[in-house]
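Structure record follows, encoded as structure tokens.
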Amino acid sequence: MDAHVRAAAEADIDGICALLHSKMNAKLPLERWRKLMTYQWLEDKPDFGRVVVSDDQVLGYCGMVYSDRLVGSVEAGLRSERMVSMSSWYLDRSLRGMGLGRDMLASSIADPMMTYATLTNSPKPLAIQDAVGLRVLEDHRYLWRKKSSSSHDLLTDVPTICDLVPPHEQVILKDMSSQPLTPFLLRADSRDNLLFFSIKRKAEHITWYDLMYASDYKHFSVHAQYLADALLPESPAVLAADGRFVTDATADAMREVLPVPRYFKSERVQPHEVDHLYSELQLLDLKLD
């Protein structure tokens, strides 16, 4: 059987969605899978990921969700970097064992001018990710639980927040407005800190407030317990943040090893500059683990 790896084109979208729906996860409808290729924040997409094609049929896919992000700081200067959120790596069983899965992943992360991240992982492909040059982005997180009530200054009205944050964060608010995320503006110590949380019920009926982005991680780290006290309900809940977002974990924070590490590849950005926005997590409404 002749099969080869190439960039996914617009004409492949229907075939990709059919493959992922029928072979990877039928619980996600075709419309949800299509979001991996029809996101609106980047009009000029280089491609739609990588496919393995045999006899004009899509039998493998590695999703690539592109975004252009400003990293650095306002004080030291911001620069634009092309980020790629990797997603939905699947190869039909009939083609496994031929090296096509590895070739597909290697092709996906070949451009040294881009930063690549896999934010949700199955333990099965970890050896291949190591082999193609991906390295651990994160292997632990910190958790905070509500300890008392707090009247921390948190703004939740998006138009008000938009008026107070700088232009590049106004763009983030606009781009993320249709995604399952909740923004807050923390005002403390004469600083404003834009935060995005994914709020979901997980195992054991615990509500998780997962930090997806903060404009100032040092500021977040200082106020994390206060945020937990202000945001979390009285019912079982935790505030969670990946370890690279926490500059100084206090005694209130509980360190927890991630079930499966997150991976990335970059010659241009630091791990803490890779957040969870503009990713498959929002497009497919996935949990962080």
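Some observations on this one:
- Conditions (1) in contact with a strand residue (DSSP E or B) (Cβ under 8 Å, 6 or more places away or on another chain); (2) at pLDDT 95 or above; (3) of a type outside the set (A, V, I, L, M); number of the one not met by Thr38: (1)
- Checked against the criteria, Ser122 does not count as in contact with a helix residue (DSSP H, G or I) (Cβ under 6 Å, 6 or more places away or on another chain) and outside any strand (DSSP E or B).
- Selection of the stretch 141-186 for residues being touching a strand residue (DSSP E or B) at 6+ places or on another chain (Cβ under 7 Å), without any contact (Cβ under 8 Å) to a residue 60 or more places away in the chain and not hydroxyl-bearing (Ser, Thr, Tyr) yields Asp153, Leu155, Val158, Ile161, Leu164, Val165, Glu169, Leu173, Pro183, Phe184, Leu185, Leu186.
- Summed over the stretch 133-148, the residues that are part of a loop (DSSP other than H, G, I, E, B) and surrounded by fewer than 18 Cβ atoms within 10 Å (Cβ to Cβ) give a count of 4.
- Test: Asp248 is in contact with a helix residue (DSSP H, G or I) (Cβ under 6 Å, 6 or more places away or on another chain), more than 18 Å from Ser73 (Cα to Cα) and touching a residue at least 12 places away in the same chain (Cβ under 8 Å): yes
- Residue within the stretch 2-18 that is in contact (Cβ under 8 Å) with a residue 60 or more places away in the chain and in contact with a Leu (Cβ under 6 Å, 6 or more places away or on another chain) present: yes
- Residue count for the stretch 21-45, restricted to those that are more than 17 Å from Gln282 (Cα to Cα) and in contact (Cβ under 8 Å) with a residue 24 or more places away in the chain: 2.
- Restricting Ser88, Ser107 to residues that are over 18 Å from the mean Cα position of the chain (by Cα) and polar (S, T, N, Q) narrows the list to Ser107.
- Those residues of the stretch 149-196 which are in contact with a Lys or Arg (Cβ under 9 Å, 6 or more places away or on another chain) and surrounded by fewer than 13 Cβ atoms within 10 Å (Cβ to Cβ), in sequence order: Asp153
The values are calculated or read from the model by the stated rules, or taken from the named source; none is laboratory data. Given the structure is predicted, the values throughout are model-derived calculations rather than measurements. Methodologically, a virtual Cβ is constructed for each residue, glycine included, from the backbone with ideal geometry; neighbour enumeration extends over all protein chains shown.
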